[in-house]
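Shown next, in structure tokens, is the structure this report addresses.
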Amino acid sequence: MQLHKAVKKRYDMIGPRIAAAFKKNHFDAYYVSTVDEALEKAIELIPEDHVISWGGSETLKEIGLTDYLKENGYKVIDRSTAKSQEERTELMKKALLSDTYLMSCNGASEDGQLVNIDGTGNRVAAMIYGPTNVIVIAGMNKIEKTVEDAWKRARNLAAPANMQRFSGVKTPCSETGLCSNCTSTDSICAYFVTTRISRPAGKIKVILVGENLGF
């Protein structure tokens, strides 16, 4: 669905200011207005000799980044190619040693902090330690006023929506669409990570996109 022009105008007004807030927290940060610009910027930030992997992300699919990398001869570790759960697990482990790791986030704050909830921990683990180049791509729909607001978004919107992607799971939110703060063994809310600065400086690149992307 196309953004209302008033929402788009707002995104283009505040996006550069939020990118500047991330820069103050030692992230390399960029604001781009369109999906096409997001794809172009991401490619620019990936050295051609890097081994690349990624976490589960609708945003990466929506901007066409993973397809572009696979179709243009980049060296990738793609867990979707696994023929068994065991092979999938091994590929996810190898991804922790990739050079560039791609992901989105579940929420972000106007003062330049990221929040993420993870079920297995592979995505947040790669963001924190391992790959030397981490690129986070986020639609402006994921920006909230404060870190506390971003966590509310992550728990009450992103996690229940993400849960609908999985079949055969048994959590309250998979049935109701609402967070019940459960401790189900199927819960994807196992690991909660706030990234308040990038350390070392510039390791994490944030591309903010003036569109509604992902959950």
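Determine the alpha carbon to alpha carbon distance for each of LYS70/LYS145; LYS41/LYS152; LYS170/LYS203; LYS61/LYS83; LYS70/LYS93 and list only those over 26 Å.
LYS70/LYS145; LYS41/LYS152; LYS170/LYS203
Using a probe radius of 1.4 Å on heavy atoms only, what accessible surface per residue do you get for the chain? Whole Å² is fine.
52 Å²
Obtain the nm distance between the two label points defined at GLN2 and GLU48 by a simple spin-label model: each point lies 7 Å from its Cα along the Cα-to-C-beta direction.
So the label points at GLN2 and GLU48 sit 3.7 nm apart.
Rounded to two decimals, what ratio of Rg to Rh does segment 92-215 give with C-alpha atoms and a Kirkwood Rh?
0.96
For a distance above 20 Å, tell me the whole-number percent of Cα pairs in segment 51-120 that qualify. Please list the in-between numbers first.
Working: 872 of 2415 pairs.
For segment 51-120, the share of Cα pairs beyond 20 Å comes to 36 percent.
So the label point goes 7 Å from the Cα of ARG10 along Cα→C-beta, right? Which residues of segment 86-114 then have their backbone N under 20 Å from it?
Only 106-113 pass the distance filter.
With only Lys, Arg, Asp and Glu charged, each at its Cβ (+1 for the first two, -1 for the last two), find how big the charge dipole of the chain is about the Cα centre; round to the nearest 20 debye.
In debye, rounded to 20, the chain gives about 540.
Let's test the formula: R0 of 35 Å, r as the Cβ-Cβ distance of TYR68 and THR183. What FRET efficiency results, to the nearest 0.05? List each step's numbers first, then the result.
Details: r = 39 Å, r/R0 = 1.12.
Working from the Cβ atoms, E equals 0.35.
Given the whole protein assembly as supplied and a 1.4 Å probe, what does the accessible area of ASP111 come to in Å², nearest 10?
Surface open to solvent at ASP111 totals about 80 Å².
Rounded to the nearest Å, what's the spacing between the alpha carbon centres of segment 2-47 and segment 89-126? Just the number, please.
Cα centroid of segment 2-47 versus Cα centroid of segment 89-126: 19 Å apart.
Counting helices only, and only those DSSP H runs with n ≥ 4, report the 222 nm mean residue ellipticity of the chain as the sum of -39,500 (n - 2.57) divided by its residues, in deg cm²/dmol to the nearest 500. Numbers along the way, then the final one.
Numbers: 9 runs with 78 residues, N = 215.
Rounded to the nearest 500, the figure is -10000 deg cm²/dmol.
If you project the alpha carbons of segment 1-70 onto their three principal axes, what span does each projection cover, largest first, in Å?
Rounded to whole Å, the extents work out to 39, 33, 20 Å.
Could you check how much of the accessible area of the chain is carbon and sulfur, as a whole percent, using a 1.4 Å probe?
51 percent
Would you compute, for the Cα atoms of segment 15-132, the largest minus smallest coordinate along each principal axis and list the three values in descending order, in whole Å?
Taking max minus min along each principal axis of the Cα atoms, segment 15-132 gives 44, 30, 23 Å.
May I ask what percent, to the nearest 5, of DSSP beta bridges between residues of the chain are antiparallel?
Just about 25 percent of them are antiparallel.
Looking at segment 95-170, which trypsin sites (Lys or Arg not before Pro) are in a loop (DSSP not H, G, I, E or B) and have at most 15 other Cβ atoms within 10 Å?
Hits after loop and neighbour filter: LYS145, ARG165, LYS170.
Could I get the Rg over Rh figure for the chain? Both from C-alpha atoms, Rh via Kirkwood, rounded to two places. The partial results should precede the final answer.
On the way: Rg = 16.6 Å, Rh = 17.5 Å.
My calculation of the ratio gives 0.95.
Please work out the FRET efficiency for the pair ALA161 and GLU86, using the Cβ-Cβ distance as r and a Förster radius of 22 Å; give the result to the nearest 0.05.
0.15
The values are calculated or read from the model by the stated rules, or taken from the named source; none is laboratory data. Bear in mind that the values here come from a model prediction, so they are computed numbers and not experimental data. Virtual Cβ from ideal backbone geometry, glycine too; neighbours counted across all protein chains shown. SASA here: full protein model, heavy atoms, side chains in, ligands and nucleic acids out. Shrake-Rupley method; radii C 1.70, N 1.55, O 1.52, S 1.80 Å.
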